[in-house]
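Contents: one structure, followed by commentary.
The values are calculated or read from the model by the stated rules, or taken from the named source; none is laboratory data. Source: prediction; values computed, not measured. In this analysis, Cβ positions are derived from the backbone assuming ideal geometry, glycine residues included, and neighbour counts consider all displayed protein chains.
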Amino acid sequence: MRQLAAGSIARVLPESARLRFREMNAGDLDDMARLLGDPDVMTYYPAPKTRDEAMRWIGWNRGLYQSHGYGLWILTLAESGEFTGDCGLTPQLVDGKEELEVGYHVLPALQGQGYATEAAAAARDFARDTLGARRLTAIIHPANRPSQRVAEKIGLRQEKRTRSRSGADIVLYSADW
């Protein structure tokens, strides 16, 4: 898989019809704290994130942009610029192997309108067409059917059940090209 040069990061982002992608920055803290602190969004995480944890989330993604040329990006509605959530690609360790994962979070008020699927499909295309990735995964809690449906709609299939590094049960969805 190709990694983008750090200088090219801001010019190369996923694209979709109704959503705009952009890099996270410290100015996104209020929106990201609202998203990651929402109990509905974080149902399948150990707990909603605090404001400090949301800031670390932003920092983690900014580091990924520099080291890998990708990360989770801010999603906004193309029509209004309204904050929608985040979506993108992150390296994740699964059973001792580094996997490229697509991840997505959408504000509860905007769920059920296809935004997660649209964003995840754009991230999938970016992984394949821009990064040259040969494989994409999604790490999903076994009870998280909405997220599983998004993964299935973008062409990922259940590969196996396993445990995360923290010991939680997960289902690994994947696609190989």
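Checking every residue in region 40-61 against the condition of being of a type outside the set (Phe, Trp, Tyr), under 18 Å from Glu82 (Cβ atoms), surrounded by 17 or more Cβ atoms within 10 Å (Cβ to Cβ) and touching a Leu at 6+ places or on another chain (Cβ under 7 Å) gives at least one match. Scanning region 62-74 for residues that are more than 16 Å from Asp30 (Cα to Cα) and either surrounded by 15 or more Cβ atoms within 10 Å (Cβ to Cβ) or touching an Asp or Glu at 6+ places or on another chain (Cβ under 9 Å) (or both) yields Arg62, Leu64, Tyr65, His68, Gly69, Tyr70, Gly71, Leu72. The criterion of being touching a residue at least 40 places away in the same chain (Cβ under 8 Å), crowded, with 18+ Cβ neighbours inside 10 Å and outside any strand (DSSP E or B) does not hold for Arg165. Is it true that Pro142 is over 20 Å from Trp57 (Cβ atoms) and over 16 Å from the mean Cα position of the chain (by Cα)? Yes. Of the residues in region 19-27, at least one is touching a residue at least 40 places away in the same chain (Cβ under 8 Å), under 14 Å from the mean Cα position of the chain (by Cα) and surrounded by fewer than 16 Cβ atoms within 10 Å (Cβ to Cβ).
Checked against the criteria, Glu118 counts as assigned to a helix (DSSP H, G or I), of a type outside the set (Ser, Thr, Tyr) and out of contact with any helix residue (DSSP H, G or I) (no Cβ under 7 Å at 6 or more places or on another chain). Taken over region 132-168, the criterion of being modelled with pLDDT of 95 or more and of a type in the set (A, V, I, L, M, F, W, C) is satisfied by Ala133, Leu136, Ala138, Ile139, Ile140, Ala143, Val150, Ala151, Ile154, Leu156.
Among the residues of region 150-162, the ones that are more than 14 Å from the chain's Cα centre (by Cα), under 14 Å from Ala175 (Cα atoms) and not polar (S, T, N, Q) come to 7 in all. If the condition is being in a helix (DSSP H, G or I) and either in contact (Cβ under 8 Å) with a residue 60 or more places away in the chain or not aliphatic (A, V, I, L, M) (or both), then region 129-153 contributes Asp129, Thr130, Arg145, Pro146, Ser147, Gln148, Arg149, Glu152, Lys153.
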